[in-house]
Amino acid sequence: MGVSRAKFEEVVHDPVTGVILNGNLLDYKIATMKDLGPVSTILVETGLGYGPYGLIGVGEDIGTVIPGLMAPAVYNAIGVWMDDFPITPGKILKALGKE
């Protein structure tokens, strides 16, 4: 979820009318398992959950952390800060003045 938000997901609006141009899953791109590679999962059980039976969601929390980590990683790699998500190859080339 986080990688998808950082690298793929973008709502595109018509600049004149403000209408969403990619309001469906055909045009709104999300990451798939083929985009991510191998994933290792480590579960840590605690009693700190706020839901029924002490449960708490895990996906939503990390969905906001990964995009926040991608910008510094790109900065460390190319020396240019990216603050416009998703971070795409085209946006990186533009930030480097090569597009």
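Here are a few things to note about the model shown:
- Residue (of V19, M82, I66) at the positive-pole extreme of the chain, dipole from beta-carbon charges: M82
- According to the calculation over all Cα-Cα pairs in region 2-95, the P(r) per 10 Å bin from zero is 13, 33, 31, 18, 5, 0 %.
- Cβ-placed point charges (K, R +1; D, E -1), dipole of the chain about Cα centre in debye, nearest 20: 300 debye
- Folded to 0 to 90 degrees: helix 59-78 orientation relative to the chain principal axis, Cα: 40 degrees
- Once the chain from L25 to L69 is taken as fully extended at 0.36 nm per residue, the excess over their C-alpha distance is 13.3 nm.
- Local charge for V12 was computed over the other residues whose Cβ lies under 14 Å away, with Lys and Arg +1 and Asp and Glu -1, and equals -3.
None of the figures in this text is laboratory data; all of them are computed from the coordinates on show. Remember, predicted model here, so these are calculated numbers, not experimental data. Reconstructed Cβ throughout: ideal geometry from the backbone, glycine too, with neighbour counts over all protein chains shown.
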